[in-house]
Amino acid sequence: MKITSIETFILHAPVTRQGIADSTHRLTHWGVPGVIIRTDGDVSGFGYTGTHAHLPTDRLITQCIAESYAPLLIGSDPLEVRSLWTKLLHHPPLQWVGRAGITHLALSAVDIALWDLKAKAAQIPLWKLLGGCGDEKVRAYNTDGGWLNWTIDQLIADARGLLASGYRGIKIKVGTGCVPEDVRRVQAVRQAIGSDIDLMVDANGRWLLPDALDFCRRIAAMDLKWLEEPLWYDDVDGHRRLAARGGVPIALGEQLYTIDHFKQFMAAGAVDYVQPDAVRLAGITEWLMVADLALSYRLPVVSHIGDMAQVHLHLAIAHPSCHLLEYIPWLSDCFEEPAAVSEGCFVTPQQPGASSTIRSQAFEKYRVG
Ligand code: 0YR
Ligand code: MG
């Protein structure tokens, strides 16, 4: 089989409600810059990354795919995924300007499309191609909630609704700029959901170490499962100190681009829950490396899902370190086989591929640029 053509696209799909905010970002749409890899066989691969739907930067990603990666891919055998990944990652002109950021996000889309193609060619779902078992149940925790632009009453009502629909874990945002206010929000939700439900909080990289320590001291009795991205994303030593002194397990990884970044956090003891995202790492290939690395440290892997769980569900089914995955329904009308949750667990996808195939109606509705 040979790659014959490469098409790029950008979708901007609205987030579920009028717009959401965490400590660092406000957004109304999720961005899906992606690629379709066509072959001389009868299968095509779909891959994409995830952004905050900013067209000028989304265009840089698709341009990188179309102008820099495509010429390296045309004519190659798409089934040689890992070899192609190595070739693209180490292409000297891209390596010079990349290794993270735009070029890495672009490579993630390409790599996902290649794995999708490989699983479609084998006529099996990706989880099976990766050696997973279809009986493996992946628990879901809902993260389309807890937003900072919501009042405490909204937080409570939403949390109760999620429990009623079967979720046993929820995550809320902190980092309002006022630690006592953050604590009031967490306390209100913990009180509403009771002590048997997992509660996680996410500061999206907003705090300095003293804020984070102050927060940890004040919420010591709230039994949080984890504190996510408390400090600046790249600050290994700060997270190490917080992990040692804060008394709350640390989750992070959604902003880390490479296996090398993850290695530094794991080696330092600066992370307890590892959150790689295949759409920020260079695709499934690098995600698997990071998940294996986490396994070697005996750390749980709880992926961040910039793909809205489509691809990550396959990875979670297949990888022994994953049992829990977040769910956000923002792109649920975009895919041929959208990720679905029933009774608090994900439904196992059955179609061949990586569940990354975009429906034609989604192109009509959400395509931009
Ligand atoms: C909104 N999940 C996250 C959303 C999400 C962000 O900025 O992108 O909250 O990526 O932190 O854990
Ligand atoms: Mg997060």
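Evaluated against (1) farther than 29 Å from Thr16 by Cβ; (2) outside the structural domain of Gly47 (by TED's automatic domain parsing); (3) not acidic (Asp, Glu), Lys173 falls short on exactly one condition, (1). Is there a residue being open to solvent by 10 Å² or more (accessible area, probe 1.4 Å), farther than 30 Å from Ile172 by Cα and in contact (Cβ under 8 Å) with a residue 12 or more places away in the chain anywhere in the stretch 105-113? Scanning the stretch 105-113 turns up no residue that is open to solvent by 10 Å² or more (accessible area, probe 1.4 Å), farther than 30 Å from Ile172 by Cα and in contact (Cβ under 8 Å) with a residue 12 or more places away in the chain. In the stretch 133-149, the residues that are touching a residue at least 60 places away in the same chain (Cβ under 8 Å) reach residues that are open to solvent by 60 Å² or more (accessible area, probe 1.4 Å) with C-beta atoms within less than 6 angstrom, at least six apart or across chains, in these pairs: Asp144/Thr16. When we screen Lys120, Lys87 for residues that are more than 22 Å from the chain's Cα centre (by Cα), closer than 21 Å to Ala340 by Cα and either modelled with pLDDT under 95 or open to solvent by 20 Å² or more (accessible area, probe 1.4 Å) (or both), the only hit is Lys120. For residues in the stretch 63-82 being open to solvent by less than 20 Å² (accessible area, probe 1.4 Å) and under 20 Å from Ala354 (Cα atoms), which is nearest to ligand 2 (Cβ to nearest atom)? Per the criteria, the residue is Ile65.
Of everything in the stretch 21-48 that is within 16 Å of ligand 2 (Cβ to nearest atom) and of a type in the set (S, T, N, Q), the residue that is surrounded by the most Cβ atoms within 10 Å (Cβ to Cβ) is Ser23.
Of the helices (runs of 4 or more DSSP H) that lie entirely inside the stretch 146-219, those containing 2 or more residues that are open to solvent by 60 Å² or more (accessible area, probe 1.4 Å), closer than 24 Å to Leu242 by Cβ and modelled with pLDDT of 95 or more span 179-193, 209-218.
Residue-wise test of (1) touching a residue at least 60 places away in the same chain (Cβ under 8 Å); (2) surrounded by 24 or more Cβ atoms within 10 Å (Cβ to Cβ); (3) in the same structural domain as Ile102 (by TED's automatic domain parsing).
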{"position": "Arg240", "(1), (2), (3)": "no, no, no"}
{"position": "Leu252", "(1), (2), (3)": "no, yes, no"}
{"position": "Gln255", "(1), (2), (3)": "no, no, no"}
{"position": "Ile259", "(1), (2), (3)": "no, no, no"}
{"position": "Phe262", "(1), (2), (3)": "no, yes, no"}
{"position": "Ala268", "(1), (2), (3)": "no, no, no"}
{"position": "Tyr273", "(1), (2), (3)": "no, no, no"}
{"position": "Arg280", "(1), (2), (3)": "yes, yes, no"}
{"position": "Leu288", "(1), (2), (3)": "yes, no, no"}
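Can you pull out every residue in the stretch 290-318 that is part of a loop (DSSP other than H, G, I, E, B) and either within 16 Å of ligand 2 (Cβ to nearest atom) or buried (at least 24 other Cβ atoms within 10 Å of the Cβ) (or both)? Scanning the stretch 290-318 gives Pro300, Val302, Ser303, His304, Ile305, Gly306, Asp307, Met308, Ala309.
When the stretch 167-201 is filtered for residues that are acidic (Asp, Glu) and out of contact with any Ser or Thr (no Cβ under 8 Å at 6 or more places or on another chain), the ones remaining, listed by number, are Glu181, Asp196, Asp198. Within the stretch 1-44, the residues that satisfy the criterion of being under 20 Å from the mean Cα position of the chain (by Cα) and either of a type in the set (Gly, Ala, Ser) or not assigned by TED's automatic domain parsing to the domain that holds Ala113 (or both) are Ala13, Gly19, Ala21, Ser23, Gly31, Gly34.
Within the stretch 220-238, being open to solvent by 10 Å² or more (accessible area, probe 1.4 Å), within 18 Å of Pro180 (Cα to Cα) and within 16 Å of ligand 2 (Cβ to nearest atom) holds for one residue alone: Leu224.
The values are calculated or read from the model by the stated rules, or taken from the named source; none is laboratory data. Quick caveat, the model's predicted, so the values are computed rather than measured. As a convention, Cβ positions derive from the backbone with ideal geometry for all residues, glycine included, and neighbour counts pool all protein chains shown. These accessible areas exclude ligands, DNA and RNA; they are computed on the full protein's heavy atoms, side chains included. Shrake-Rupley method; radii C 1.70, N 1.55, O 1.52, S 1.80 Å.
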